[in-house]
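Q: Before anything else, here's the structure in question.
The values are calculated or read from the model by the stated rules, or taken from the named source; none is laboratory data. Keep in mind the model is a prediction, meaning the values are calculated, not measured. Backbone-built Cβ (ideal geometry, glycine too); neighbour counts: all protein chains shown.
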Amino acid sequence: MDIAIIVGLDIISGIASLLLISAGLAVIFGMMKIINLAHGEFLMLGAYTTVLSVSAGINIWIAMLVISPIVVGLIGVIVERCLIQFLYGRLVDTMLATWGLSLVIVGTTTMIFGNTIVGVASPLGGFKVGQYQSSLYTPFLAVMAVLLMVLIWVVMRFTRAGLIARAVMQNPDMAATLGVNPAKVYMATFGAGAAISGLAGGLLAPVAGIVPTMGAAYIAKAFITVVGGGTSILWGLITASGLFGFINQIAAFLTTPVYGEVILFIAAVVLIRLLPMGISGKFFKGRL
Amino acid sequence: MPNMNGMKIALIGSAIAALGVITAPLYVDLFQLMQLTVFAAMAILALSLGFIWGYGGILCFGQTSFFGLGAYAYAIAAINYGDSTPALVIAIIVPVIFAALLGYFMIYGGISDVYLGVITLTVSLILLNLVNSTAGDFYKIGNARLGGFNGIPGVPTINMPGDSSYILSPEQAWVLTGLALIAVYLGLRALIASTFGRIIIAIRENETRAALLGYDPRVYKLLTFMIGGAVAGFAGALYVNWGAFVSPTIFALGLSAQIIIWVIIGGRGTLIGPIIGCLLVQWMVTEIGAQQTLDANFILGAVLIGFVLLVPKGIAPTIRDLVASRLQRNKSATAIEDVKP
């Protein structure tokens, strides 16, 4: 019985971490149809921001929930203004440029902080399930993932900014004729996506080894989740995270974490063969 | 066919290059020769991506997967057989089978460029994790221990076919690698000039039109992808042969990015471009490694961004267009003079 609870917790935490690490990428992909290959570096910058803020004496909750998203969001806006805006309509070039950006960010961070692992202590204690020990931080991450999804939904569904965003998502040309400037929407989107990635990076800081190259550890899963989910931001993200998180954790429980990742990947490739536009391209077409 | 002239230039150039390769040991010292050997192996890898991306229009971000699989397949087979000839064949077959499987799911799934790039990149990352986790006695194939992140040291290098006791000297290995580069270049050139090559270019230009003319784009794209895998695997075998060592970093993001940068800098839609790009970047990385202030990733990233923004066509096509427009201008200038009197 205890083991079932622990495995259940693992599955929930697997799904939650997929939601968190993929959300920023999904927002940018859903709106702009580009994959931001510097996504892992945005996560890394979020984690570094939290670590630096904490070591500067700031409360860890403020550091990860407020400072990280703001800092990385601002970086995102700067990146969009200095780089991405010149490449609209050139999807492949945008991907290549963001890949170059990812190398630049890794290189810059290495030059400043060096190639050493830093970290922060987990702010929450542990709890016991029978003979097993687990960290309270795991359910906290799950709660944060749910809150993030609710936040995205509320913003997209009930605010004017969300209305404009949905209009541009469905048909940028039509939105432009109605007086919306898609370029501005894309700028805001990129900033928002980066901010969400920064938040995720901050939240992962206590449970990850933080090095300049840490982004590479997350992007494989994030890419698969977003590509498997398709362009619908919320439904694609939630269904793909749910499916892949479940498969990954069950497979990892039965074999090893590495094989879990391989099995997750094979499942994703088969899924892409069956649903080339992702889950949401088939079942949630045109939905959020 | 307008390319006949180009083919002649390529043949003459290759002959001169081959002469250079064979005579290089006479006037280049051993250290530089070793350096050139690894450059040549990498240039073959650059050709594989230059071919499938520039001509087949397949955006593969994980060409290292095939390179690495070829390298590992060579290492494992060479240790088990003690003879490099079957190992070389296996180093080509394994990546081709992998490319066929992966390509089937992606290409027959009909996914877009963006998805294809992302999936191939993910494959290389998963392979990195997978091979990294193979430390310990449990993971061995025949006599070859996979060794996890430590890699496989002491891989037998290439020997004369049929005589496993006659192992090639570094000079001979250089000549072999250099000539292999030229042979792969000419082979791909010939392939592009053939009917198959024209069909894949037609598919790159307009997939629907090619399909309506009766060519199944999926079959041709899959074949292109597999040929790319074969060439990359071959390059991987030559790379292992250079250092007698292979480790999982061969699958890492850094190399995947570098291959893309080679092709972007050199130019898509040419074969000589990726070779030039590869040599330039390799030389640059070696130079950066000699100093401490600037990080190699930083420079590579900046170069990639600079080329995407400012020289999106790459060096070789830009120079070609410049020369062509200069010639054109000269021609029209003389034409006007002719009219004047």
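Q: Name the residues in region B:158-211 that are assigned to a helix (DSSP H, G or I) and among the β-branched types (Val, Ile, Thr), would you? First the steps, then the outcome.
A: Filtering region B:158-211 for residues assigned to a helix (DSSP H, G or I) gives B:170-193, B:195-205, B:207-211.
Of everything in region B:158-211, those that are assigned to a helix (DSSP H, G or I) and among the β-branched types (Val, Ile, Thr) turn out to be B:Val175, B:Thr177, B:Ile182, B:Val184, B:Ile192, B:Thr195, B:Ile199, B:Ile200, B:Ile201, B:Ile203, B:Thr208.
Q: What is the residue count in region A:69-101 for residues that are surrounded by 21 or more Cβ atoms within 10 Å (Cβ to Cβ) and hydroxyl-bearing (Ser, Thr, Tyr)?
A: Residues that pass the stated criteria total 2.
Q: For A:Arg81, which of the numbered conditions (1) within 19 Å of the chain's Cα centre (by Cα); (2) over 14 Å from A:Gly193 (Cβ atoms); (3) away from every other protein chain (no Cβ under 11 Å); (4) of a type outside the set (A, V, I, L, M, F, W, C) fails to hold?
A: (1)
Q: In addition: Failed condition for A:Ser197, given (1) of a type in the set (Ser, Thr, Tyr); (2) in a helix (DSSP H, G or I); (3) exposed (fewer than 12 other Cβ atoms within 10 Å of the Cβ), with all others met?
A: (3)
Q: Same structure, new question: Tell me whether region B:75-89 contains one or more residues that are in a helix (DSSP H, G or I) and at pLDDT 95 or above. Spell out how you get there, then give the answer.
A: Step one: of region B:75-89, the residues in a helix (DSSP H, G or I) are B:75-81, B:84-89.
So of that shortlist, the ones also at pLDDT 95 or above come out as none.
No, that holds for no residue.
Q: Out of the residues in region B:103-115 that are in a helix (DSSP H, G or I) and either of a type in the set (Ser, Thr, Tyr) or buried (at least 23 other Cβ atoms within 10 Å of the Cβ) (or both), state the one that is farthest from the other protein chains (Cβ to nearest Cβ). Break it down stepwise before answering.
A: Residues of region B:103-115 that are in a helix (DSSP H, G or I), as a first pass: B:103-108, B:113-115.
From what's left, either of a type in the set (Ser, Thr, Tyr) or buried (at least 23 other Cβ atoms within 10 Å of the Cβ) (or both): B:103-104, B:106, B:108, B:115.
Numbers: B:Gly103: 11, B:Tyr104: 8, B:Met106: 7, B:Tyr108: 7, B:Tyr115: 5 Å.
Restricting to residues being in a helix (DSSP H, G or I) and either of a type in the set (Ser, Thr, Tyr) or buried (at least 23 other Cβ atoms within 10 Å of the Cβ) (or both), the top hit is B:Gly103.
Q: Please verify whether region A:99-106 includes one or more residues that are in contact (Cβ under 8 Å) with a residue 60 or more places away in the chain, of a type in the set (Gly, Ala, Ser) and under 25 Å from B:Leu253 (Cα atoms). Give the steps one after another, and end with the answer.
A: If we filter region A:99-106 for residues that are in contact (Cβ under 8 Å) with a residue 60 or more places away in the chain, which is where we start, we get A:99, A:101-102, A:105-106.
This time we only want the ones that are of a type in the set (Gly, Ala, Ser), so: A:102.
From what's left, under 25 Å from B:Leu253 (Cα atoms): A:102.
Yes: one or more hits.
Q: Could you list all residues from region B:116-144 that are in contact with an Asp or Glu (Cβ under 7 Å, 6 or more places away or on another chain) and either of a type in the set (A, V, I, L, M, F, W, C) or more than 7 Å from every other protein chain (Cβ to nearest Cβ) (or both)?
A: First pass over region B:116-144, keeping only residues in contact with an Asp or Glu (Cβ under 7 Å, 6 or more places away or on another chain): B:126, B:129.
Passing the criteria: only B:Ile126.
Q: Right, here's the next one. Would you mind finding the one in A:Val262, A:Val226, A:Val269 that is buried (at least 17 other Cβ atoms within 10 Å of the Cβ), modelled with pLDDT of 90 or more, within 10 Å of chain B (Cβ to nearest Cβ) and more than 30 Å from A:Gly114 (Cβ to Cβ)?
A: Values: A:Val262 fails: modelled with pLDDT of 90 or more; A:Val269 fails: modelled with pLDDT of 90 or more.
Answer to the selection: A:Val226.
Q: Same structure, new question: Can you report the number of residues in region B:255-288 which are within 13 Å of chain A (Cβ to nearest Cβ) and of a type outside the set (A, V, I, L, M)? Before you say what the answer is, go through the steps one by one.
A: Taking region B:255-288 first, the residues within 13 Å of chain A (Cβ to nearest Cβ) are B:255-265, B:268, B:281, B:285, B:288.
With of a type outside the set (A, V, I, L, M) added as a condition, the list becomes B:256, B:258, B:262, B:268.
The number of residues fulfilling the criteria is 4.
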